[in-house]
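The values are calculated or read from the model by the stated rules, or taken from the named source; none is laboratory data. Keep in mind it's a predicted model, so treat the numbers as computed, not measured. Using ideal geometry, Cβ is built from the backbone for each residue, glycine included, and neighbour counts are taken over all protein chains shown.
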Amino acid sequence: MSIPVVLLSELKDSEIEDLISVLTSCTWPFHSTPVLEREKLLAQYKEGYFNGEGKRTFLIKYGIETVGVIRLFDLGENKEDDETPLFDIKIKSEYRGKGIGGDAVRKLVDLVFNEYPNKYRFDATTRADNTAMRRVFEKSGFVKEAHYRQAWPDREGNKYDCAGYSILRQDWKNKTITPVDWEK
């Protein structure tokens, strides 16, 4: 028996129900909106939140199962734009902790640097207490560059610290990690 492979499948109009199914399947405790509603997701889809200029969304497949969603944004107006992209990832609760998120992030990094020649860095942020996501970043070649105090609000108005990470094109290409010089 073979181990399923993680694949990123760019979201098609015909897959909106798969997208909604994943996003409404569980809670997202480290996101500003932990419970997502079908009607709001449909409205966001129609408004171009998931796909369109400067953004792309992928379903995360594990074997034949759709187990998550990864949204790439801040891509700029075209492939020559040098804006620094960001992403948001959500993995269904029953698939967390299995390495799927890390595989998906590494595939997304490859996609960005292969398809967007003017992208010199790729950024990511997460709540500072989201240790699983921080490990994914580090295992995927991202380096912590910032710590923002009380910068991540939730629905109830609580504020959490968040951490900023980045991977540089040169580090991705050379399979190296350039640490931040905190003394400069």
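Only one entry of LYS119, LYS107 meets the criterion of being among the charged types (D, E, K, R) and in contact with a helix residue (DSSP H, G or I) (Cβ under 7 Å, 6 or more places away or on another chain), and that entry is LYS119. I'm checking my understanding of the structure. Among residues of region 70-114 that are of a type in the set (A, V, I, L, M) and closer than 14 Å to LYS139 by Cα, which one is surrounded by the fewest Cβ atoms within 10 Å (Cβ to Cβ)? Among those residues, the one meeting the criterion is VAL109.
Selection over region 136-160 of residues that are in contact (Cβ under 8 Å) with a residue 12 or more places away in the chain and of a type in the set (S, T, N, Q) gives a count of 1.
Whether a residue is at pLDDT 95 or above, of a type in the set (A, V, I, L, M, F, W, C) and assigned to a loop (DSSP other than H, G, I, E, B) was assessed, and PHE58 does not pass this test. Screening ASP81, ASP129, ASP103 for residues that are in contact (Cβ under 8 Å) with a residue 60 or more places away in the chain and in a loop (DSSP other than H, G, I, E, B) leaves exactly one candidate, ASP129. Cβ-Cβ distance below 8 Å, separation of 6 or more or different chains: which pairs start in region 16-45 with a residue that is charged (D, E, K, R) and end on one that is part of a helix (DSSP H, G or I)? These pairs meet every condition: ARG38/ILE20.
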